[in-house]
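Before any comments, here is the structure.
Each value in this text was obtained by applying a stated rule to the coordinates, not by laboratory testing. This is a predicted model, so every value here is computed, not measured. Cβ coordinates were reconstructed from backbone atoms using ideal geometry, including for glycine residues, and neighbour counts include every protein chain displayed.
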Amino acid sequence: MPPENGTTMEAPDFLKPLIESLPPEIQSFVNAGGWLIPIVLAALILLGWMWLRVRRMFSRRGQRVQEPDLVEDLGSYPLPPALWGTKRLTLHGLPVRVRLIVAAPLGHEGGYVHPDQIEQMLDLFVPGLGHFIHADQPRVRVWPTQLSYQGFAAAFRRCTLRPDPDSQISRWVMLMGRGLINRRPVALGFALRADQDNTLGRVVLEQPHEWMQALRIVE
């Protein structure tokens with residue numbers, strides 16, 4: 001719409017060839033300032049798109065930080081049940097009990113993991129490990145699909161709360177690794193309670209064959 005004070009805003013030189021090709025009545029309107037209208041509309045559309053992107057980004061970030069349904073407070077867990085027999089499960093030589101197992105499919109394809117599949121997979125990695133899962137009666141959680149193993153490991157550390165979070169010495173050890181179920185990658189997180197205080201803290205396995213190196217069954 002032309003300015004009411006009678007002044008005009010001349011169109012830029014790069015628009016003049018286009019304006020001269022228009023009918024005379026439209027040229028008058030455009031030369032009177034009408035050329036600003038599509039530019040203003042385009043700017044408003046761009047600003048709206050940017051606002052939606054920023055809002056969506058912060059909304060997703062807030063969801064990742066809170067993750068209320070994934071939080072596990074290890075301080076509220078009961079003590080493990082009495083041992084069966086004389087065999088012990090050790091992590092790098094340290095006797096431990098399994099108190100929490102978290103599993104999540106990896107990648108964009110998604111999928112579902114059943115608790116029984118976890119035991120079968122771990123028995124392949126460390127023969128006899130399924131026995132200790134039954135004996136220790138850990139809590140088993142299946143998380144939604146995670147896009148990457150690194151992202152899962154960060155979320156597992158963030159959501160698994162130790163009763164002594166600021167101490168480098170603790171009975172709790174976080175063990176993270178991965179494997180395959182039905183040829184699909186799966187991320188795994190263990191919360192292990194050791195018989196004594198230690199400084200292991202967190203142990204991250206990069207390859208499936210490392211399970212047998214880290215976890216062993218001894219008499």
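Between residue 73 and residue 142, full extension at 0.36 nm per residue minus the direct alpha carbon distance yields a gain of 23.2 nm.
Placing +1 on the Cβ of every Lys and Arg and -1 on the Cβ of every Asp and Glu, with nothing else charged, gives segment 100-219 a dipole about its Cα centre of roughly 340 debye.
Each Cα pair under 8 Å and six or more residues apart adds its separation to the average, and for segment 138-205 the resulting relative contact order is 32 percent. Is segment 168-219 best put as rounded, prolate or oblate by its Cα gyration tensor, with a ≥ b ≥ c the root eigenvalues, rounded for a/c under 1.5, and otherwise prolate when a/b is larger than b/c, oblate when not? In terms of gyration-tensor shape, prolate.
Working ranking of peptides 83-91, 45-53, 150-158 by packing, defined as the average number of other Cβ atoms within 10 Å per residue, highest first, is 150-158, 83-91, 45-53. Stokes-Einstein diffusion for segment 134-191, with the hydrodynamic radius set to the Kirkwood value over Cα pairs and evaluated at 4 °C in a medium of 1.567 mPa s, equals 100 µm²/s.
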